Amino acid sequence: MVHESASRSGSRSPVFIKVDPQKLIPSEGAIRTAKLRSNSVDYTESQTIQEQSDDLLGNIDNKSQWDPTSWHTKPIVQDVLYSSMEDVEKALEKLEALPPLVSPYEINNLQEKLRDAALGKAFVLQGGDCAELFDYCSQERIESKMKILLQMSLVLIWGTKLPLVRIGRIAGQFAKPRSKLHEEVDGKVIPSFRGDNINGFDMSERSPDPSRLVSAYFHSAASLNFIRSSLSSGFADLHKPFDWSLSHVQSSEVKARYRAVVDAITEGLSFMKTVGADKSSTLESIDFYTSHEGLMLEFEQCLTRKLRDPRDGESKWYNTSAHFLWIGDRTRQSNGAHVEYFRGIMNPIGVKVGPSMTVDELVAILDILDPDCIAGKVTLITRYGAGNISKALPPHIAAVKRTKHKVVWMSDPCHGNTKASTSGLKTRDFEDIMNELALALQIHKDNHSQLNGVHLELTGDAVTECIGGSARLTDEDLQIRYDTVCDPRLSESQSLDVAFLIADWCKKGKMLSIAEHSPS
């Protein structure tokens, strides 16, 4: 800073005054969180969370005082223990000072679209990496994921005849819950890799590092910025033809069926251009939303801001780290920290529902998270496994029908179908994935309900992590390009297979499996 002062002769000379930059000061909530995270106990390994009967019955006062730190009072699972309270405090005070990644307007807009989905007026496609790495924050990788999601959405629009809501597992899906928080490598027990925002995949980087939370913010911001700039620059413009190469499809019959769908889509777009109906801005860009599992509550707490709701002008709590967040199947305890945190935010939220969830637990969680019964507020993401869905899904549908909740029903056919290959690699069989998805569609129909969306772990790259699909990948093929550091993802071609087969079901009322069209 420079000031001028008068000299004895009357002339003015500059005087330099040094001003130190304003120092960040952590909030009381950040300080308490830092203390909690450096002296915490992981309930998944040390004790069983005792569900109170009142919780199971849903008798929780949803109008009680809530703030972004309320979760401190509840038992937590999948906890992270840092070695330095000071380092945690430093990371959290930085996160609190950084601007929101998304806005209330965008979050409210997604809520309205999910309301339509809950009422059967839209279909949701949610997909992306199992766990993003910081290295995935690159133009090539982001564009490949966006491209496959856009291609899938066109096929699904054609098949369902409904507007598509596109949500990416992107720009924040770094952390992953783990069944084992430690693993043995070369006779030494070390922490498991839990995601780039917690620790590193390299053996030398397995100690949790709170500075990675700040890195996660900036990688999310960079990804989100690139997505927004790409969409505003015409990346999703339907006037520009996609590369619909179907070279991966081995069966000539399946390829012909896929080609018929592609031809119908391109002819429809061509017709719209011919009659001058292609001038709408909706053909030039799309709404695209970001999502991740809200696992790291210290991160979510810092990005939860009291902001003006543009609909009524009132100040409300929004999680500004993503448009949509979900609670995992391992962290959905009704008296736990994650449910406590999620009940206070305005964002639409998801809950993973596995075969172990009881009917009473499901209703209790819905009553806690959605006390006002807002259509589309909660998305139930079912992940039973192909062998469990027929037994588990019907009572869950019936239980929700007995309430006033209007949920979005979404199928996650990936997580419940993970297995070990003959070579020992984790994989998923495409046939199991499609069986669970086909059963979800049929069970909803038989129970006078409707499947409103699909949730997939996928990538836009030609990886070889799941077996089967129209490319007919086998166990031996997994070695070709097995890139995942966590769970196996659907490849570009397998992701398109899913979209084509859902379209088949919507058009013909049944899932035409790839196997039945393969030559004998």
Exercise for review: Test D312 against the criterion of being within 21 Å of L114 (Cα to Cα), in a helix (DSSP H, G or I) and open to solvent by 40 Å² or more (accessible area, probe 1.4 Å), and give yes or no.
Suggested key: no
Review point. For region 154-171, which residues satisfy the criterion of being assigned to a strand (DSSP E or B), of a type outside the set (V, I, T) and over 20 Å from G120 (Cβ atoms)?
Key: G168, R169
Practice item. State whether one or more residues within region 495-507 are open to solvent by 30 Å² or more (accessible area, probe 1.4 Å), part of a helix (DSSP H, G or I) and modelled with pLDDT of 95 or more. Key: no
Practice item. Just one of (1) open to solvent by 10 Å² or more (accessible area, probe 1.4 Å); (2) touching a Phe, Trp or Tyr at 6+ places or on another chain (Cβ under 6 Å) trips up K377, so point out which. Key: (2)
Point to revise | Set S470, S411, S421, S390: member being open to solvent by less than 10 Å² (accessible area, probe 1.4 Å), more than 20 Å from G328 (Cα to Cα) and small (G, A, S) | key: S470
Exercise for review: Determine the pairs where a residue that is within 10 Å of V353 (Cα to Cα), located within region 368-387, has a partner that is part of a loop (DSSP other than H, G, I, E, B) and small (G, A, S) with Cβ atoms under 6 Å apart, the partner being 6 or more residues away or on another chain.
Suggested key: R383/G354
Exercise for review: Of the conditions (1) closer than 30 Å to F201 by Cα; (2) in contact with a Gly (Cβ under 7 Å, 6 or more places away or on another chain), D497 clears all except one; give me its number.
Suggested key: (1)
Point to revise | Among (1) over 26 Å from V214 (Cα atoms); (2) touching a helix residue (DSSP H, G or I) at 6+ places or on another chain (Cβ under 6 Å), the one test that L95 misses | key: (1)
Practice item. Read through the list (1) at pLDDT 90 or above; (2) part of a loop (DSSP other than H, G, I, E, B); (3) among the hydrophobic types (A, V, I, L, M, F, W, C), then give the number of the only condition that L439 fails. Key: (2)
Review point. With respect to L181, is the statement that it is over 17 Å from the mean Cα position of the chain (by Cα) and either under 30 Å from D504 (Cα atoms) or small (G, A, S) (or both) true?
Key: no
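The values are calculated or read from the model by the stated rules, or taken from the named source; none is laboratory data. The structure presented is a predicted model; accordingly, all values stated were derived computationally and were not measured. FYI the Cβ positions are ideal-geometry reconstructions off the backbone, even for glycines, and counts take in every protein chain you see. Please note that ligands, DNA and RNA were not included when accessible areas were found on the heavy atoms of the full protein model with its side chains. Shrake-Rupley method; radii C 1.70, N 1.55, O 1.52, S 1.80 Å.
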